[in-house]
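What follows is a set of notes on a single structure, which appears directly below.
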Ligand code: NIG
Ligand code: FE
């Protein structure tokens, strides 16, 4: 399997439809979010892990040298999906809490009573680093089966020095993009959130900044307020980290203006965002990361996805995969929710969980498009039309996954 440069070459041939976000810019916003190039009867030529060329089968000239072939007849190809918001580093589960919520308890009540996130913190602290690596790897496998080839994961279930750092290392070791969510919740050993933020910034940030690419904070009543969030994020930015925020999940507490003020990469959730927040985001560079599986799982209102896109905001979609508020690793399901609940078109949903999500992770131009020079991360869908990605609600849509130009055995 060699290219003129000596590396492996793979030809994905006879693809019924190849769909990829149009153009070369990122993030896509407004009308351009729905601009998807669709090529019928297509091929993708991969070389040394990257896309070398794409085109119509009829325009494919004979290839020299060894080329492995992958027959994609009856399949559609889209870029490997990019999940830019997960909490994949945790031990244990919250199935008891899930049952309690089904019986009427709310997520915020359970959190206030010391359950919720803190239950996962207890299990994660007790697990040890090897078990955390194994957990992230297992979750990565689930994501890969659902078509995610690039994933971010936050820490945030350690909330002490050793477990936060072990979590970040585990995420990196399992191939994820690590985000330091040191300000997820105030653990019981601190009665005062400010003292906890002081501890995190003094004792954990210097080491966290050597592993993580970004920092995140849960800005919400019962978690951190806007003053604490600003202090935490400003220190993280000074240490070289990109900034993210969990904001407007239950209430508007100033997350959107803070994100704009600090030049954050994204503000995520936005289920409670009103018209002003939509306008402010649309006029900014901050990406609105929407997590409809989380809204669904908690029985909460959906974020204003259509309004954000129409106003011109840059929108991305992610799973929020975690044991409490979104035990869901499937971006295809999130695309279905985007179409049915947020009223995004299948094309807008595709761009939102590929190129725009890649932008949130600082990887636009490397992943999120099937285009020359990009990583050859490609999904073959078991579908005659690529829009089945959103249409086939909860279906087993991913037939094969190619990562860095190599077909992956799906476990
Ligand atoms: O994004 N809301 C804050 N954090 C996570 C949930 C974490 C958990 O419940 O374990 C979220 O929904
Ligand atoms: Fe989250």
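Quick one: which of 47-60, 70-83, 21-34, 315-328 comes out on top by average Cβ neighbours within 10 Å, and what's the full order, highest first?
Answer by packing, highest mean first, reads 315-328, 70-83, 21-34, 47-60.
At q = 0.19 Å⁻¹, what log₁₀ I(q)/I(0) does region 233-293 have when each alpha carbon counts as one equal point scatterer in the Debye sum?
So the normalised log intensities work out to -0.62.
Just from its helices, what would the mean residue ellipticity at 222 nm be for the chain, if runs of 4 or more DSSP H residues each count -39500 (n - 2.57) and the sum is divided by every residue, rounded to the nearest 500 deg cm²/dmol?
-9500 deg cm²/dmol
Going by alpha carbons, how many degrees (0 to 90, nearest 10) lie between the helix axis of 117-127 and the longest principal axis of the chain?
Long axis of 117-127 versus the principal axis of the chain: about 70 degrees.
When all alpha-carbon pairs of region 159-225 are counted, what percent fall beyond 13 Å?
So the pairs more than 13 Å apart make up 61 percent of the total in region 159-225.
Give the average over all directions of the projected area of the C-alpha convex hull of region 77-196, one decimal, in nm².
For region 77-196, averaging the hull's shadow over all directions gives 8.3 nm².
Along its three principal axes, how long is region 73-117 when you only count alpha carbons? Whole Å, largest extent first please.
Extents along the principal axes: 53, 22, 18 Å.
To the nearest 10 degrees, how steeply does helix 331-340 sit against the main Cα axis of the chain, on a 0 to 90 scale?
80 degrees
If you count, for each residue, the other Cβ atoms within 10 Å and average over each peptide, how do 285-295, 331-341 line up from highest to lowest? Write down the numbers at each step before the final one.
Working: 285-295: 27.1, 331-341: 24.5.
Per-residue mean Cβ counts within 10 Å order the peptides as 285-295, 331-341.
How much length is gained if the chain between residue 63 and residue 225 is pulled fully straight, taking 0.36 nm per residue apart and subtracting their Cα-Cα distance, in nm to one decimal?
Value of the extension gain: 52.3 nm.
Considering all alpha-carbon pairs of the chain, what whole percent are spaced by more than 39 angstrom?
Of the Cα pairs, 16 percent sit more than 39 Å apart.
How high is the relative contact order of region 149-233, given as a whole-number percent (alpha carbon pairs under 8 Å, six or more residues apart)? Walk me through the numbers before you get to the answer.
Details: 129 pairs, mean separation 26.8, N = 85.
Once normalised by length, the contact order is 32 percent.
In degrees, nearest 10, range 0 to 90: what is the angle between the Cα axis of helix 226-238 and the longest Cα principal axis of the chain?
50 degrees
Just so you know, all these numbers are worked out from the coordinates, no wet-lab data involved. Predicted, not measured: the structure shown is a model, and the values here were computed from it. With ideal geometry, Cβ positions are generated from the backbone for all residues, glycine too; neighbour counts draw on all protein chains shown.
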